[in-house]
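The values are calculated or read from the model by the stated rules, or taken from the named source; none is laboratory data. These numbers were taken from a predicted model, which means no experiment stands behind them. Note that each Cβ is placed from the backbone with ideal geometry, even for glycine, and that neighbours are counted across all protein chains shown. Note: areas computed on protein heavy atoms with side chains; ligands, DNA, RNA excluded. Shrake-Rupley method; radii C 1.70, N 1.55, O 1.52, S 1.80 Å.
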Amino acid sequence: MYSTFHGLEIGKRAILSQQTSLSATGHNIANANTKGYTRQEAVLEATRPLASPNPHNGTIPMQMGTGVEVSEFRRIRESYLDSQFQNQQQQAGYWEAKAESLSHLEDVFNELSGSGLSTSLNKFWQGLQELSKQPESLSARVVVTANGKEVADQLNQISSGITDFEKNLADQLQANAKEINMAAREIASLNQQIAQNIGSGQQPNDLLDRRDNLLDQLSKLVNIDVKPTVNGRVDVSISGVKLVDGNTANTFTVEPEDGGAKIAGTVVPLDGGKIKGLLETYGYKLADGTVLGRIPELKTNLDILAVAIAERMNAIHASDEARNLDDIQARSTDPNAPLEKLLFFVDKDDPTQPPKNAGNMIVNPKLIDFPAKVAAATSDNIGDGSNAALMSDAFLQKTDIGGTNTTIGEFYQKVIGQLGTDVQAAKQLSDNANAMVSMVDNQRQSVSGVSIDEEMTNMIRYQQAYNAAARYVSAVNDLLNTLINGMK
């Protein structure tokens with residue numbers, strides 16, 4: 001048997017439920033532009049009915065409805081789209097890092113400006129040709145030493161630029177590792193809070209949104225695998241190694257010298273994300289000691305180029321036949337006077353030795369201070385420029401450079417040409433990956449995002465239901481008033 005005031009209870013529940021639904025709609029509207037917010041829906045459900053005697057015989061029970069209540073605040077979210085978004089984010093993060101880092105390395109070579117090493121090598125070659133035509137000219141010798149200095153300076157600058165960027169990448173890797181660890185710790189903390197809320201019968205929707213947002217951020221940095229566990233918790237793994245295990249976060253480190261990324265000391269192979277893109281540019285050591293990466297490769301090729309240029313120029317400039325103006329003058333009075341045999345390119349740390357690498361390469365200071373010591377001749381004739389011609393010809397002759405039979409110019413063009421091709425490919429793949437991210441995100445937003453038009457429709461619907469419930473309460477109140485006060 002239900003109470004005389006049963007109608008008021010139904011009306012009260014209707015008013016409270018519609019008001020709660022309206023509040024959920026307001027929460028959605030308030031967060032329409034909040035990044036990572038998932039729209040929520042107040043799920044209405046009929047309350048438990050009451051048994052009522054059958055009016056026909058008074059013995060068979062029937063059920064009388066008792067109104068409505070909000071059973072849950074449901075997050076409108078599709079886990080499949082989240083997983084797909086995170087997979088695409090990993091690829092986008094990887095190719096973005098590759099494109100940006102390789103593009104910066106391309107800028108270090110400065111070839112697109114028309115004032116890079118290619119231009120300096122060409123000027124050096126032209127200067128040697130002019131010297132071969134005017135071997136008696138001191139100004140032509142000054143030009144040759146100045147052009148040679150420009151070549152050495154360019155090699156020094158490129159080497160220094162690569163080293164500086166290498167340090168920058170190391171800082172980026174450590175900053176990203178720190179970001180991963182901060183996110184992992186927060187996810188572990190959120191796991192604990194979410195589990196406590198769910199365990200006490202609450203719905204921590206905003207905490208779930210915060211955790212999902214962190215997972216999205218993580219997915220751009222490194223390839224992650226997210227597995228739901230008990231009480232709303234999730235475990236986060238990288239290539240099978242757990243970064244977040246329930247309420248515990250393990251430490252992620254980046255150690256290129258020891259194989260790359262690690263979780264709690266265990267080497268973790270990376271399949272995507274920004275960290276992998278940066279590591280492949282920065283370089284890392286394999287278990288067998290092999291060093292891979294674009295920067296180590298470029299540094300090696302640049303050193304090979306610098307040493308090759310120095311070897312070819314020095315072999316000719318300091319040969320037994322080479323003579324500078326001072327040699328020629330000395331032999332005019334003493335045909336057996338010793339030759340100076342000066343190296344053209346030397347090491348800045350020891351100017352008596354050839355350069356060890358691109359960063360140490362300089363023109364022999366004696367040639368800078370005394371241009372007459374440039375060995376342009378192969379005889380004691382002051383008008384002989386054959387040695388300068390041999391040095392200019394060395395630029396066009398194919399020889400073994402880094403295991404390849406090629407010229408100096410071709411070797412360098414191959415290095416920067418491959419870098420340019422890789423930059424364009426990385427940019428194209430980055431654009432494609434970002435397009436896929438946008439497409440999946442649009443699909444996800446169509447499910448989880450807030451539509452102002454839809455929320456306005458819901459607002460009017462709940463408002464009208466609230467008004468009707470209020471009118472119903474008023475009608476029941478009138479009936480009770482008649483029952484209690486109207487019968488006299």
Using alpha carbons only, how many degrees (0 to 90, rounded to 10) separate the axis of helix 408-448 from the longest principal axis of the chain? 10
At 7 Å along Cα-to-Cβ for each site, give me the label-to-label distance between THR47 and GLU179 in nm. 5.1
Using only C-alpha atoms and all pairs of different ones, pull out the Kirkwood radius for segment 378-488 in Å with one decimal. 23.6
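Tell me, what are the semi-axes, in whole angstrom and largest first, of the equivalent ellipsoid of segment 56-147 as set by the roots of 5 times the Cα gyration tensor eigenvalues?
Taking √(5λ) for each Cα gyration eigenvalue gives 87, 9, 6 Å.
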At 1.567 mPa s and 4 °C, Stokes D of the chain from Kirkwood alpha-carbon radius, µm² per second: 44
I want to check the label-to-label distance for GLN134 and LEU112. Put each point 7 Å from Cα in the C-beta direction and report it in nm to one decimal. 3.7
Förster-model FRET efficiency, 25 Å R0, GLN463 and SER200, C-beta, rounded to 0.05: 0.20
Whole percent per 5 Å bin, from 0 to the bin with the longest distance: what is P(r) over all C-alpha pairs of segment 281-351? 3, 14, 14, 14, 12, 11, 9, 7, 5, 4, 4, 3, 1, 0
Give me log10 I(q)/I(0) at q = 0.09, 0.11, 0.17 Å⁻¹ for segment 68-219, Debye formula, one equal scatterer per alpha-carbon, no solvent. -0.57, -0.69, -1.04
Can you return the aspartates and glutamates within cross-link range of LYS35? Criterion is Cα-Cα under 16 Å, with same-chain partners fewer than 8 residues away left out. ASP82, ASP206, ASP209, ASP212, ASP216, ASP441
Using the per-residue mean of other Cβ atoms lying within 10 Å as a proxy for protection, in what order, highest first, do the peptides 138-151, 38-51 fall? 138-151, 38-51
Could you tell me the distance between the Cα centroids of segment 406-449 and segment 162-182, to the nearest Å? 21
Over segment 336-488, what is the mean sequence separation of C-alpha contacts under 8 Å (at least six apart), divided by residue count, expressed as relative contact order in percent? 7
Can you list the aspartates and glutamates whose alpha carbon sits under 14 Å from that of LYS427, skipping same-chain ones fewer than 8 residues off? GLU96, GLU100, GLU106
Check which residues have an amide H placed less than 5 Å from VAL374's amide H, if you skip close sequence neighbours. LEU325
Using a 10 Å cut-off on Cβ atoms, rank the peptides 235-242, 461-468 from the highest mean neighbour count down. 235-242, 461-468
How far is it, in nm, from the label point at THR399 to the one at SER379 when both lie 7 Å from their Cα along the line to the Cβ? 2.5
Choose one of THR399, GLY417, ASN381: the residue whose Cα lies farthest towards the positive end of the charge dipole of segment 372-488 (beta-carbon charges +1 Lys, Arg; -1 Asp, Glu; about the Cα centre). GLY417
Once amide hydrogens are built 1.01 Å from N within the peptide plane, the residues lying 5 or more places from ILE401 or on another chain with amide H under 5 Å from its amide H are THR406
The relative contact order of segment 137-254, taking Cα pairs under 8 Å that sit 6 or more residues apart, comes to a percentage of 27
Convert each backbone phi in segment 165-173 into a coupling constant with the Karplus relation 6.51 cos²θ - 1.76 cosθ + 1.60 (shift: θ = phi - 60°), then list the ³J(HN,Hα) values in order as whole Hz, x for Gly and Pro. 5, 4, 5, 4, 5, 4, 5, 4, 4
Express in Å², to the nearest 10, the accessible area of ILE10 obtained by rolling a 1.4 Å probe over the protein heavy atoms while all chains stay in place. 40
With every protein chain in place, the chain: carbon and sulfur % of accessible area (1.4 Å): 51
Run the 1.4 Å probe and let me know the accessible area of ASP206, rounded to the nearest 10 Å². 80
I need the phi-derived Karplus couplings for segment 362-372: 6.51 cos²θ - 1.76 cosθ + 1.60, θ = phi - 60°, integer Hz, Gly and Pro marked x. 9, 7, 3, x, 5, 6, 5, 6, 10, x, 5
Before I look further, what does the chain give for accessible area per residue, probe 1.4 Å, in whole square angstrom? 50
Efficiency of FRET between SER319 and LYS414 - r from beta-carbon atoms, R0 35 angstrom, step 0.05: 0.75
Karplus 3J(HN,Hα) series, Hz, for segment 95-110 with 6.51 cos²θ - 1.76 cosθ + 1.60 (x for Gly, Pro): 6, 4, 4, 5, 4, 5, 5, 5, 4, 5, 5, 4, 5, 4, 6, 6
Would you mind checking which residues have amide H under 5 Å from VAL234's amide H? H placed 1.01 Å from N; only 5 or more apart, or other chain. THR229
